[in-house]
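Presented below is the structure to which this report refers.
The values are calculated or read from the model by the stated rules, or taken from the named source; none is laboratory data. Since we're looking at a predicted model, the values are computed, not measured. For neighbour counting, all protein chains shown are included, and Cβ atoms are generated from backbone atoms with ideal geometry for every residue, glycine included.
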Amino acid sequence: MTSPVLAGPPGDCCLQGVKHFGGAIGKTVIIADVETYITEPPANTTGLKKVILFFADVWGPFHNSAKLLQDYFASHGFTVLGIDYFFGDPIYLHTEEADFNRQAWFTKYRKLAGDATPKWIKAVREIYGEDAIYSAVGYCFGGPFALDIATTDDVVASAFAHPAFLNEDHFRNLKKPLLLSCAETDHTFPTESRRRAEDILAEIKATYHDQLFSSIVHGFATRGDPEVENSRWAKEESARSIIEWFKRFSKQ
């Protein structure tokens, strides 16, 4: 029996966003034959080796908004790695194309990302070692990857913001703590689906936290408008909550 869908495919709003400005400090490396954005904690960071696996939305890990977000996480003592499972072809490159076939793009990259990501995770763990403490965060397209790994012992905690492509089993099979960062208006993860997810998490007695931002729409956590106070606050509060969630479960 097919698990009921809770978060559907991305829509029109995923092709829209606000450019964020600022100088990113990370670099590009190749891991498991995939370009990866890596940004590292301050040089004076000591203690446990902590790694965040960053699963980007359809704009990819190299869009400046995503790089700045990853740099923010790194500033709190984590090495952050963002896999480019779009292989240099993020969706924003096509937003001006009148004949762009969105469905074909999603079909192509869901397959490529699904094939590449497990190998990439394995390679990351080989590089940073079994003694490192791993967490995972997914935005939109990246939501399923953050939840899939939370069904294993490969991370101590996961988080997502405005997710896509989720079904009930993603929540029912959860083993690790989960933070849900949600928009009040979200065609992809609507209110009834979010409440169903909460019911499942309560049923399985999961450790979770659900934050809901009023007057906010899908995409806010990566592409919210910094010129709008409520959007800026929601974006910043989402990032702050996610990193504090990871810090909470990385104390070993």
Considering only region 94-123, how many residues are surrounded by 15 or more Cβ atoms within 10 Å (Cβ to Cβ) and either among the hydroxyl-bearing types (Ser, Thr, Tyr) or not in a helix (DSSP H, G or I) (or both)? 2
With the requirement that a residue be out of contact with any Pro (no Cβ under 7 Å at 6 or more places or on another chain) and either in contact (Cβ under 8 Å) with a residue 24 or more places away in the chain or of a type in the set (Gly, Ala, Ser) (or both), what does region 104-117 give you? Ala104, Tyr109, Arg110, Leu112, Ala113, Gly114, Ala116, Thr117
In region 210-228, what residues are free of Cβ contacts under 8 Å to residues at least 60 places away in the same chain and of a type outside the set (Gly, Ala, Ser)? Asp210, Gln211, Leu212, Phe213, Ile216, Phe220, Val228
Residues of region 137-175 satisfying the condition of being closer than 19 Å to Lys50 by Cα, buried (at least 22 other Cβ atoms within 10 Å of the Cβ) and of a type outside the set (A, V, I, L, M): Gly138, Phe145, Ser158, Phe160
Condition check: crowded, with 18+ Cβ neighbours inside 10 Å, within 20 Å of Gly142 (Cβ to Cβ) and among the acidic types (Asp, Glu). Does Asp186 satisfy that? yes
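Okay, residues lined up against (1) among the aliphatic types (A, V, I, L, M); (2) touching a Gly at 6+ places or on another chain (Cβ under 8 Å):
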{"position": "Leu179", "(1), (2)": "yes, no"}
{"position": "Cys182", "(1), (2)": "no, no"}
{"position": "Lys205", "(1), (2)": "no, no"}
{"position": "His209", "(1), (2)": "no, no"}
{"position": "Ala221", "(1), (2)": "yes, no"}
{"position": "Ala234", "(1), (2)": "yes, yes"}
{"position": "Ile242", "(1), (2)": "yes, no"}
{"position": "Phe249", "(1), (2)": "no, no"}
Does Glu192 count as without any contact (Cβ under 8 Å) to a residue 12 or more places away in the chain and either closer than 30 Å to Thr107 by Cβ or among the acidic types (Asp, Glu) (or both)? yes
For region 38-66, what are the residues that are more than 20 Å from Ile121 (Cβ to Cβ) and in contact with a Lys or Arg (Cβ under 9 Å, 6 or more places away or on another chain)? Pro41, Trp59, His63, Asn64, Ser65
For region 24-58, how many residues are at pLDDT below 95 and closer than 28 Å to Thr95 by Cα? 2
Would you mind listing the strands (runs of 3 or more DSSP E) fully within region 134-252 where at least 3 residues are farther than 17 Å from Val80 by Cβ? 178-185, 208-217
Any idea which residue in region 202-239 is farthest from Thr185 (Cα to Cα), counting only those that are small (Gly, Ala, Ser) and surrounded by 15 or more Cβ atoms within 10 Å (Cβ to Cβ)? Ala206
Inspect region 126-134 for any residue being of a type in the set (Gly, Ala, Ser), over 28 Å from Gly224 (Cβ atoms) and over 16 Å from the mean Cα position of the chain (by Cα) and give the result as yes or no. yes
For region 89-109, check the following and say yes or no: at least one residue is at pLDDT 95 or above, more than 28 Å from Ser231 (Cα to Cα) and under 17 Å from the mean Cα position of the chain (by Cα). yes
When you check Tyr134 against the structure, is it out of contact with any Lys or Arg (no Cβ under 9 Å at 6 or more places or on another chain) and either in contact (Cβ under 8 Å) with a residue 40 or more places away in the chain or of a type in the set (Ser, Thr, Tyr) (or both), yes or no? no
